1. What are the GluC sites (Glu not before Pro) within region 9-115 that DSSP puts in a loop, where the Cβ has at most 16 other Cβ atoms within 10 Å?
2. Evaluate the relative contact order of the chain (contact order divided by residue number), counting alpha-carbon pairs under 8 angstrom at least 6 apart; express in whole percent.
3. Could you name the lysines in cross-link range of LYS421, using Cα to Cα under 25 Å and dropping any fewer than eight places away on the same chain?
4. Using a 7 Å offset from the Cα along the Cα-to-Cβ direction at both GLU385 and GLU370, what is the distance between the two label points in nm, to one decimal?
5. Using alpha-carbon positions, what is the distance between the centroids of region 142-219 and region 311-337, in Å?
6. For ASP77 and ALA249, what is the calculated FRET efficiency with R₀ set at 45 Å and r taken between the beta-carbons, to the nearest 0.05?
7. Express in nm, to one decimal, how much length is gained between ASP176 and ARG8 on full extension, taking 0.36 nm for each residue of separation and deducting their alpha carbon distance.
8. Determine the sum of side-chain charges near ILE278: Lys and Arg each +1, Asp and Glu each -1, restricted to other residues whose C-beta is under 11 angstrom from that of ILE278.
Amino acid sequence: MTHTDLRRAVQGRVLLSGDDGFEQASRPWNLSVEQRVAAVVEAAGADDVAAAVVYARSAGLPVAAQPSGHGASGTADGVILLRTGGLDEVRVNAEERTARVGAGARWGQVLAAAGPHGLTGLAGSSPVVSVTGYTLGGGLSWFGRRHGFAADSVRAFDVVTADGERARVTAESDPDLFWALRGGGGGDFALVTAVEFDLYPAPALYGGRVMWPGHRAREVFDAFLEITAEAPDELTLWFNRVQFPQAPAMVGVDAAFLGEEADGRALLARLDKIGDVIVDKRGPVAVANLGDITAEPTDPTPGRSRAELLTRLDETAVAPLLEQPVAPLIAVQVRHLGGALAAERPGAGPSGPVAEPYLLYMLGAAVNPELSEAVGARQAAVAGELGGLVSGRKPYTMLAGGERAEAAFTAEAVARLREIKRARDPQGVLRANFPVLD
């Protein structure tokens with residue numbers, strides 16, 4: 001078969017090297033990641049996804065899905081890259097508190113549809129991340145401490161198997177595949193074209209960002225520890241040290257509370273005792289505006305990140321987290337986990353439970369090789385200085401280039417995921433951003 005056959009097989013656009021738009025279409029969200037793909041298929045519908053898989057299987061090529069380009073790891077060389085942005089259906093059933101979304105739908109679309117009904121999905125901090133990619137990797141939400149991983153709220157998947165067959169997957173119809181898709185990375189086992197999941201009541205939300213000058217870091221960190229030690233599951237806090245180029249160092253807290261403003265303000269009153277506030281954006285938050293809390297970039301950028309789960313926070317964490325300059329990083333962030341994320345949940349997927357109470361996330365720009373190397377070195381140094389506080393496990397959606405899928409799961413979960421991969425895709429037609437098999 002030839003790529004001409006691929007163009008004939010699908011209704012959507014097919015781009016090859018040299019075509020106008022190919023470079024942009026093949027580019028991942030993280031512009032520092034290179035992926036030299038064989039072709040890009042912009043699927044017009046689920047039938048195009050199936051046709052692309054059938055073609056890839058016949059041509060001896062792997063196929064990889066990247067709905068929004070997030071999570072790219074540099075392992076996509078030679079693949080047929082599947083873009084599913086055209087599958088962006090969003091349907092909310094307010095009475096049943098469920099949503100059905102296509103593989104290309106983004107969280108901002110879902111929140112905009114669910115919010116008027118007093119409902120929310122288990123979204124993360126960015127409105128432009130695809131629901132499917134995020135959920136297949138587990139999905140750490142602002143509301144995960146209350147409701148667990150986003151993946152564990154899934155009721156059903158519409159998929160295309162490695163044989164090119166379309167199927168609906170539920171806990172009853174295919175328990176093994178359903179389990180693997182709920183946090184195992186997804187793209188290794190089947191290509192998801194739509195997902196159905198539970199929504200949760202959100203009649204009121206409160207939250208926002210508070211920032212101080214960098215010299216207040218220890219006070220803000222101590223307040224963060226005090227609040228998180230007693231925080232109800234409805235409250236999630238992130239501690240941030242930030243250093244933007246040509247700007248003074250700052251320290252801040254991001255907060256999201258699933259409840260009324262008065263209760264949220266009382267829970268965060270400890271922050272009001274810290275002087276020199278630069279900005280305080282705390283207030284009622286509409287569900288549709290959840291992304292405003294962190295106001296993350298909505299366009300692709302070059303970056304280098306590293307995440308580590310932390311077994312605890314104590315005085316041994318102060319020096320590596322607080323006493324060194326942030327640069328050459330842009331941000332050093334600590335997120336509070338726990339709650340439902342740490343609980344044993346019947347029927348849960350491979351992501352949890354996560355016993356570690358905190359997550360460290362470090363981010364730096366990677367606009368050139370020299371800066372990228374410096375950023376990576378600082379990230380490694382911080383992780384090394386934290387020593388035994390670092391568990392070695394990482395959330396799947398926060399794996400970075402060069403890391404392996406097995407770091408995201410227990411040994412038992414890895415073994416089961418590999419068994420399912422070998423059984424469902426023995427020819428290796430499907431390739432995840434972080435494959436469970438080398």
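1. Here the GluC sites (Glu not before Pro) that fit, given the DSSP loop and packing criteria, are GLU34, GLU89, GLU95, GLU96.
2. Answer for the chain is 17 percent.
3. The reachable lysines, counting only those whose Cα sits under 25 Å from LYS421, are LYS394.
4. 2.4
5. So the two Cα centres are separated by 27 Å.
6. 0.70
7. Between ASP176 and ARG8, full extension yields an extra 57.1 nm.
8. So the environment of ILE278 carries a net charge of +1.
Here, each number is a calculation from the coordinates, and none is a lab measurement. The model shown is predicted, which means the values in this text are computed figures rather than measured ones. Quick reminder, even Gly has a Cβ in these numbers, built from the backbone with ideal geometry, and neighbours come from all protein chains shown.
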